[in-house]
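Take a look at the structure set out below.
The values are calculated or read from the model by the stated rules, or taken from the named source; none is laboratory data. Everything numeric here is computed off the predicted structure, so don't read it as measured data. Cβ placement follows ideal geometry from the backbone for every residue including glycine, while neighbour counts extend to all protein chains displayed. These area figures cover heavy atoms from the full protein model, side chains too; ligands, DNA and RNA do not enter into them. Shrake-Rupley method; radii C 1.70, N 1.55, O 1.52, S 1.80 Å.
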Amino acid sequence: MSLATRLSRPLGTATRPSERLAIAIAVGAMGTLGFSVTAPILPDLADAFGVSLGSIGLVQGSISFAGVLFSALIGYMADRIGRRRVILTALGLFSVFGVAGFFARSFWALVAVRFIQGIGTSGILGVGIVLIGDTFDGAARTRAMGINMTGLQMTSLLGPMIAGFLAVNGTFRPFLIFLIGIPLAAWASRMPADRPEVTIDRPLRHLRAALATMRREHTLADYAGVLAATFVATYLLHGLGLTVVPLLLDEEFGVEVAARGVFIAAFQLGIVLAAIRIGMLIEWIGKVNVVTAAFALMAVGSAVTALATSAVSVAAGLAVCGFGFGAFVPQAQAYAATVGGQHYRGLTVLVWVTIIRFSQVTGPPAGSMLYDAAGPTVPFWSAAAITGVLAVAWIPVRRAVSNPAGAAG
């Protein structure tokens, strides 16, 4: 190893696929904390700032709004200058402005720092998926996405519980969790240098070339379908599961802040149980049937939550929703990381992340306002109806709009 390499990479370079996967999981797990840490303290933040429950959803939505604006550009930069540089920059933004939430003492100041933190969120979540796509192929890629999803959701599962206990002695203390980004950035610096050898076109030309490639390979319709289904599932479950449920637990069942995080974590538990066995589920019933079952489970879980008579039954409904979500998302991630190939992978994955961010921006405020206007059960019945229709209709719709030669699963 040369002196220059030792100076620029004092911790060395990660050469094994297993370590690269571990880095992607650890980095992505930080991104999931952006939502899960604040979920159980939303009612308390509303009290601290003197704002309505209908407005507090902006604390969740603001972290995603930056992703709507910048995710596709971040994906382009990952294609142009390399995954490593983008991830390290994103980690810095996420951690610094995440901790800044601890010092925010006005509602709009918190919304502002969460917006900037959201730029980093899109980078560390999206480019982590790109890194997995670069490292694995075929069925191994889908399994790796499932392992990644498991790691992310285990963090999301623990995040609300830890945040809930920290908040007992101070509503803003959970924001200090983001200090963990400092040692994580040191580890992520071990990722190999991956600046592309070929010159990448300017953003719009790069996008047009990616679309032309997908048209030529007859995969554009499937990719558009994955984007649409991802939007619907995330809009409903993040708008309801991570925004409305804390309000429901607080107002309808009198659940205190420390326990709220435990009940909310049932959603992440369901995701983990599905994602960790995604390879087995696909081998057992096939990709198409797994997707159908995923939407059906989201519908059933939403209905169970709407009918809940206790906090325990709310948790049961969330777990079923989570299992369906965890059966769908790894396949969506794997497809987004496959359809563009290595040359366009950053763009195709981060456009998928843009859809996630857009649904997370619009879902939480819509969920809290619908809760305020129509009552606690209407949001969940709406989710049950829409995901139920998806379970029945997605295969006929796909057959109607997709070229059979381009069916990619």
When you go through (1) on the phi < 0 side of the Ramachandran plot; (2) touching a residue at least 60 places away in the same chain (Cβ under 8 Å) one by one for residue 218, which number turns out not to apply? (1)
Scan of the range 347-404 for residues that are in contact with a His (Cβ under 8 Å, 6 or more places away or on another chain) and without any contact (Cβ under 8 Å) to a residue 12 or more places away in the chain, ordered by number: none
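Any residue in the range 171-191 that is over 30 Å from residue 36 (Cα atoms) and either of a type in the set (Val, Ile, Thr) or under 18 Å from the mean Cα position of the chain (by Cα) (or both)? Show your work before the answer.
Here is the first cut: in the range 171-191, the ones over 30 Å from residue 36 (Cα atoms) are none.
No; the residues of the range 171-191 include none that is over 30 Å from residue 36 (Cα atoms) and either of a type in the set (Val, Ile, Thr) or under 18 Å from the mean Cα position of the chain (by Cα) (or both).
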Which condition from (1) at pLDDT below 90; (2) of a type in the set (Gly, Ala, Ser); (3) within 17 Å of residue 379 (Cα to Cα) is the one that residue 301 breaks? (1)
What number of residues within the range 145-178 satisfy the criterion of being in a helix (DSSP H, G or I) and free of Cβ contacts under 8 Å to residues at least 60 places away in the same chain? 2
Just checking, which of 325, 358 is out of contact with any Cys (no Cβ under 6 Å at 6 or more places or on another chain) and crowded, with 22+ Cβ neighbours inside 10 Å? 325
Matching residues in the range 199-248 - criterion: being farther than 30 Å from residue 41 by Cα, touching a Phe, Trp or Tyr at 6+ places or on another chain (Cβ under 8 Å), open to solvent by 10 Å² or more (accessible area, probe 1.4 Å) and among the small types (Gly, Ala, Ser): 209, 225
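Here are some residues: 376, 365. Which one is open to solvent by 10 Å² or more (accessible area, probe 1.4 Å) and assigned to a loop (DSSP other than H, G, I, E, B)? Talk me through it step by step, then tell me what you get.
Details: 365 fails: assigned to a loop (DSSP other than H, G, I, E, B).
So the residue among 376, 365 that is open to solvent by 10 Å² or more (accessible area, probe 1.4 Å) and assigned to a loop (DSSP other than H, G, I, E, B) is 376.
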Which residue pairs have Cβ atoms under 6 Å apart, sit 6 or more places apart or on different chains, and have a first residue in the range 89-101 that is more than 13 Å from residue 185 (Cβ to Cβ) and a second that is among the β-branched types (Val, Ile, Thr) and in a helix (DSSP H, G or I)? 97/113; 97/116; 100/113; 101/113
